[in-house]
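Below: the structure, in structure tokens.
The values are calculated or read from the model by the stated rules, or taken from the named source; none is laboratory data. Quantities reported herein were computed from a predicted structural model and do not represent experimental measurements. Positions of Cβ are generated from backbone atoms using ideal geometry, with glycine treated the same way; all protein chains shown enter the neighbour counts. Please note that ligands, DNA and RNA were not included when accessible areas were found on the heavy atoms of the full protein model with its side chains. Shrake-Rupley method; radii C 1.70, N 1.55, O 1.52, S 1.80 Å.
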Amino acid sequence: MYSEKFQKFIDMWRKDFGIERTIDEKVCLDRDDNPIPWYTYPAIEYLSQFDYSQKKIFEFGCGNSSLFWARRAEKVVSIEDNLQWFEKWQEEFHEENLDVRWRDEGEGYYNAIFEDGQRYDVIVVDGKRRADCACCAVRALAPGGLIILDDSDRINTSQEYKDAVAALREAGLLQVDFYGFCPMNCYTKATSLFFSRDFDFVSRHDVQPVNGWGNLWSMNRLVRKSLFRS
């Protein structure tokens, strides 16, 4: 038998995070059916605080993260190397500011970030060839921007990730690791954010941090007291 308090913990993960559904149905959605990235929940909540309405995003790796960014940013370019998945995204994604492109796994993939001759405020490294992509991302990053490296905990067993992190750190970016659970997984991982030293994104809110999913101080006084009593 679960204790009452532990049951409330389980209920929070089901209700506030919707994690049971993401695991069972293999979808990256929040509790309100909004698309979210396959990053850790702490990283998603942190990134969700900022105003991206005038930001340009580039993704190595396409999926529900592309919709997450497209519904927030001015423009999103997302590169997909799997032709079957590319065709799926082309059929399902209809946001006008989202440009999904197919490139093979060779030089055309990681050099795709230079095709439009512009710099990007957020660059997501979450697909193939992560070390090569990280090196290119550094060169294409706009002043004050950030680079996201997902699954960064793989650095413990992968030379590819060691090289990717080394390239980002050698560029003088500040690394912050967000550990925790994520959609679709029953285990933890890490999503790392690499900030320009002049990072200047504006919050969407009057204060930062805002209350996250399941946060005690987002609840009314009676609910808070019930949790303490359990």
**OP:** Could you tell me whether segment 1-72 comes out rounded, prolate or oblate from its Cα gyration tensor? Rule is a ≥ b ≥ c as square roots of the eigenvalues, rounded for a/c under 1.5, then prolate if a/b exceeds b/c, otherwise oblate.
**Re:** prolate
Original post:
Tell me, in nm to one decimal, what length is gained between Arg101 and Ala171 on full extension, where the rule is 0.36 nm per residue of separation less the Cα-Cα distance?
Top reply: 22.5 nm
**OP:** Can you work out the accessible area per residue across segment 1-148, with the rest of the protein chains kept in place, probe 1.4 Å, in square angstrom?
**Re:** 49 Å²
Original post:
Taking springs between alpha-carbon atoms closer than 10 angstrom, which of Glu80, Glu107, Glu115 fluctuates most in the Gaussian network model of the chain?
Top reply: Glu115
**OP:** Calculate, in nm to one decimal, what Asp32 and Met184 gain on full extension: separation in residues at 0.36 nm each, minus their alpha carbon distance.
**Re:** 53.1 nm
Subject >> Compactness relative to 2.2 N^0.38 Å, alpha carbon Rg of the chain >> reply: 1.07
Subject >> Theoretical FRET efficiency, 1/(1+(r/R0)^6), r = Cβ-Cβ of Asn215 and Lys162, R0 22 Å, to 0.05 >> reply: 0.05
**OP:** Give, rounded to the nearest 20 debye, the magnitude of the charge dipole that the chain has about its Cα centre when Lys and Arg contribute +1 at Cβ and Asp and Glu contribute -1 at Cβ.
**Re:** 1160 debye
Subject >> Unit charges on C-beta of K, R, D, E only; dipole of segment 35-126, Debye >> reply: 340 debye
Original post:
Looking at the chain, what % of its DSSP beta bridges pair antiparallel, to the nearest 5?
Top reply: 40 percent
Subject >> Cα-based shape type of segment 167-221, given that a ≥ b ≥ c are square roots of the gyration tensor eigenvalues and the cut on a/c is 1.5 >> reply: oblate
Original post:
For a label point 7 angstrom out from the Cα of Gln90 toward its Cβ, which stretches of segment 102-124 have the backbone nitrogen within less than 15 Å?
Top reply: 102-104
Original post:
For the chain, what % of the accessible area comes from carbon and sulfur atoms, probe 1.4 Å?
Top reply: 49 percent
Original post:
What net charge do the residues around Glu95 carry, taking every other residue with its C-beta under 12 Å from that of Glu95, with Lys and Arg at +1 and Asp and Glu at -1?
Top reply: -1
**OP:** Taking only Cα atoms and a 10 Å spring cutoff, compute GNM fluctuations for the chain and point out the largest among Ser65, Ser218, Ser48.
**Re:** Ser218
**OP:** Provide the percentage of antiparallel DSSP beta bridges, counting only those with both residues in segment 14-143; round to the nearest 5.
**Re:** 5 percent
Original post:
With the dipole of the chain worked out from charges on the C-beta (+1 for Lys and Arg, -1 for Asp and Glu) around the Cα centre, which of Trp89, Ala140, Tyr187 lies farthest toward the positive end?
Top reply: Tyr187
Original post:
Which of Val122, Leu98, Gly108 sits closest to the plus end of the dipole of segment 56-132, meaning its Cα is farthest towards the positive end, when Lys and Arg get +1 and Asp and Glu get -1 on the C-beta?
Top reply: Val122
**OP:** Hand me the tally of lysine pairs in segment 1-126: alpha carbons under 18 angstrom apart, and the pair either on different chains or 8 or more positions apart.
**Re:** 5
**OP:** Answer rounded, prolate or oblate for segment 38-163, using the Cα gyration tensor with square roots of eigenvalues a ≥ b ≥ c: rounded when a/c is under 1.5, else prolate when a/b is larger than b/c, else oblate.
**Re:** rounded
Original post:
Around Pro37, with a cut-off of 13 angstrom between Cβ atoms, what is the net charge of the other residues, counting Lys and Arg +1 and Asp and Glu -1?
Top reply: -3
**OP:** Just order 124-135, 91-102 by mean Cβ neighbour count inside 10 Å, highest at the front, would you?
**Re:** 124-135, 91-102
